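Engineer: Please read through the structure below; I'll follow up with questions.
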Amino acid sequence: MSDSALFPTYARFPITLVKGKGSRLWDDQGKEYLDFASGLAVTNLGHVPDAVKNALVKQLDELWHMSNLFSNPNQEKAARLLADNSCADTVFFCNSGAEANEAAIKLARRYHQKVRGEERYEVITFTQSFHGRTLATLTATGQDKVKEGFLPLPAGFVHVPLHDLKALEAAVNDRTAAVMLELVQAEGGVIPVDPDFLREVRKLCDKHGLLLILDEIQTGMGRTGKLFAHQHYDVEPDVFTLAKGIASGFPVGAMLAKEKFVPAFTAGSHATTFGGTPIAMAAVIATIETMLKENAPQKAAEAGDYLTAQLRASLQDVPGVIEVRGKGLLIGILCDAPVSEQIGELHRRGLLVVPAGPNVIRLLPNLLVTHEEIDAAVSLIAAVLTEKAAAKQA
Ligand SMILES: *Cc1c(COP(=O)(O)O)cnc(C)c1O
């Protein structure tokens, strides 16, 4: 029997983090780390940001929870902030990314079946995508490894290769309800979507009356250098989903839609006990207001350009490094072999990074990361990758 009473669902790194502030984390031995993971794109304003902490402390003294059967001014305000700063008009709050995608899939089906009176239900997604771990969202995910042992999977999901317009067109039929994609496939290896392809997907959705759903759970909240990644493109989604960075670490998900799709959900058609609770919404409001006040997305764009340029310059002659790719501060270093040893060594030297698939080192510093911190991270990465490449050749 193992010492732990937890399900072994994570291959955890051997580090116990107990404190964080800004870009820094400390473990239970007092060792300091530079955090280029941000809890997987969650703590986008850094750890324990003062504005969010103060809002949470204030709300802790007032009201933690009440039912969604009562009106909720914090939820109204958070939704208004999101709508005013995006192409969406309406918001449904839940508690995680998977739940937000689940809500989007339900909205797409119900829009066709109840508003338009068509028996459409199929959602087309892309290979290598990641959309979550509930039964519907793992079925939507275009990676077999998340599906093993969970049969039977829900019906109504179809996958086509990313950037293959012909395959996408061929997959559309009279059951198709929506197309769903990430603008940078994050878990799948940090693969940015080509803007021309996205434009064609939008055209195809318009032609067939399909919903374009963007999964912005990792790319949203300033991560790619705009508040939402689709704002880089001249394409607007019908629906998009958020979670991860939306509340600086408090668990919140959101599904946002244009007005046209609002009639698909009526009282009783979708609900959650914890979604949009006053305390969660205090974290959302403070996070968004701080991001806007600090121009955090713009800072992320600038820092992302700098980090990418420094990585490309330092790694260009390192054997085994294929490319540095991504958008804003969602960056992957693609190597020609598994990178778990390199990641372990970077952790030992005080830089926290995470993988994205076996061969990609993923960098997700907070949006306010400094050039000094970037320089420190890049020199550690270059040193470790160079040493490992030399050891391999010897
Ligand atoms: C993390 C992630 C999810 C799932 O979010 P959870 O909060 O873990 O359920 C879905 N889609 C994308 C793109 C993600 O990065």
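The values are calculated or read from the model by the stated rules, or taken from the named source; none is laboratory data. This structure is a prediction, so every number in the text was calculated from the model and none was measured. Note that we place each Cβ from the backbone using ideal geometry, even for glycine, and neighbour counts take in every protein chain shown.
Engineer: Among the candidates 241, 176, 266, which residue alone is within 15 Å of the ligand (Cβ to nearest atom) and either closer than 14 Å to residue 125 by Cβ or modelled with pLDDT of 95 or more (or both)?
Structural biologist: 241
Engineer: Among the listed residues 252, 239, 235, which satisfies the condition of being of a type in the set (Val, Ile, Thr) and more than 25 Å from residue 304 (Cβ to Cβ)? Step through it out loud before you land on a result.
Structural biologist: On the way: 252 fails: more than 25 Å from residue 304 (Cβ to Cβ); 235 fails: more than 25 Å from residue 304 (Cβ to Cβ).
239 is the lone residue from the list that is of a type in the set (Val, Ile, Thr) and more than 25 Å from residue 304 (Cβ to Cβ).
Engineer: Since residue 134 meets every condition but one in (1) more than 16 Å from the ligand (Cβ to nearest atom); (2) surrounded by 14 or more Cβ atoms within 10 Å (Cβ to Cβ); (3) of a type in the set (S, T, N, Q), which condition does it not meet?
Structural biologist: Among (1) more than 16 Å from the ligand (Cβ to nearest atom); (2) surrounded by 14 or more Cβ atoms within 10 Å (Cβ to Cβ); (3) of a type in the set (S, T, N, Q), the lone unmet condition for residue 134 is (1).
Engineer: Here's something else I'd like to know. Can you pull out every residue in region 59-99 that is surrounded by fewer than 11 Cβ atoms within 10 Å (Cβ to Cβ), touching a residue at least 24 places away in the same chain (Cβ under 8 Å) and either within 16 Å of the ligand (Cβ to nearest atom) or of a type in the set (Asp, Glu) (or both)?
Structural biologist: 62
Engineer: Between 227, 204, 256, 242, which is surrounded by fewer than 24 Cβ atoms within 10 Å (Cβ to Cβ), within 20 Å of the chain's Cα centre (by Cα) and of a type in the set (A, V, I, L, M, F, W, C)?
Structural biologist: Criteria check complete, one pass: 227.
Engineer: So which of 170, 178, 186, 155 ends up being assigned by TED's automatic domain parsing to the domain that holds residue 241, over 19 Å from the mean Cα position of the chain (by Cα) and in contact (Cβ under 8 Å) with a residue 60 or more places away in the chain?
Structural biologist: Among 170, 178, 186, 155, only 178 is assigned by TED's automatic domain parsing to the domain that holds residue 241, over 19 Å from the mean Cα position of the chain (by Cα) and in contact (Cβ under 8 Å) with a residue 60 or more places away in the chain.
Engineer: Out of the residues in region 48-58 that are among the aliphatic types (A, V, I, L, M) and in contact (Cβ under 8 Å) with a residue 40 or more places away in the chain, state the one that is surrounded by the fewest Cβ atoms within 10 Å (Cβ to Cβ).
Structural biologist: Among them, the one singled out is 51.
Engineer: In addition: Name the residues in region 353-394 that are of a type in the set (S, T, N, Q) and at pLDDT below 95, would you?
Structural biologist: 393
Engineer: What pairs come out if I take residues in region 197-211 that are under 13 Å from residue 178 (Cβ atoms) and pair them with residues that are modelled with pLDDT of 95 or more and of a type in the set (Asp, Glu) whose C-beta lies under 6 Å away, six or more apart or interchain?
Structural biologist: Note: pairs meeting the criteria are 211/238.
Engineer: Assuming residue 306 fulfils every condition listed in (1) free of Cβ contacts under 8 Å to residues at least 40 places away in the same chain; (2) in the same structural domain as residue 330 (by TED's automatic domain parsing) apart from one, which condition is it?
Structural biologist: For residue 306, the failing item is (1).
Engineer: Right, here's the next one. Being hydrophobic (A, V, I, L, M, F, W, C) and at positive phi is the filter; apply it to region 2-47 and report the residue that is surrounded by the most Cβ atoms within 10 Å (Cβ to Cβ).
Structural biologist: Looking at the filtered set, the residue picked out is 41.
Engineer: Assess whether residue 115 counts as being within 16 Å of the ligand (Cβ to nearest atom) and of a type in the set (Val, Ile, Thr).
Structural biologist: Details: within 16 Å of the ligand (Cβ to nearest atom): no; of a type in the set (Val, Ile, Thr): yes.
For residue 115, the condition - within 16 Å of the ligand (Cβ to nearest atom) and of a type in the set (Val, Ile, Thr) - is not met.
Engineer: A follow-up question, please. Given the residues 52, 42, which is the only one that is touching a Leu at 6+ places or on another chain (Cβ under 8 Å) and of a type in the set (Val, Ile, Thr)?
Structural biologist: Just one listed residue meets the conditions, 52.
Engineer: Pick out, from region 1-108, the helices (runs of 4 or more DSSP H) lying fully within it that include 2 or more residues that are under 30 Å from residue 379 (Cα atoms).
Structural biologist: In region 1-108, the matching helices (runs of 4 or more DSSP H) lie at 38-41.
Engineer: In region 138-159, what residues are among the β-branched types (Val, Ile, Thr), within 11 Å of the ligand (Cβ to nearest atom) and in contact with a strand residue (DSSP E or B) (Cβ under 9 Å, 6 or more places away or on another chain)?
Structural biologist: The answer is 141, and nothing else.
Engineer: Right, something else. Report whether or not residue 258 is assigned by TED's automatic domain parsing to the domain that holds residue 99 and more than 16 Å from the ligand (Cβ to nearest atom).
Structural biologist: Judged against the criteria, residue 258 is a match.
Engineer: Ok, one more. Scan 332, 344, 350 and give me the residue that is on the phi > 0 side of the Ramachandran plot and among the small types (Gly, Ala, Ser).
Structural biologist: On inspection, the qualifying residue turns out to be 350.
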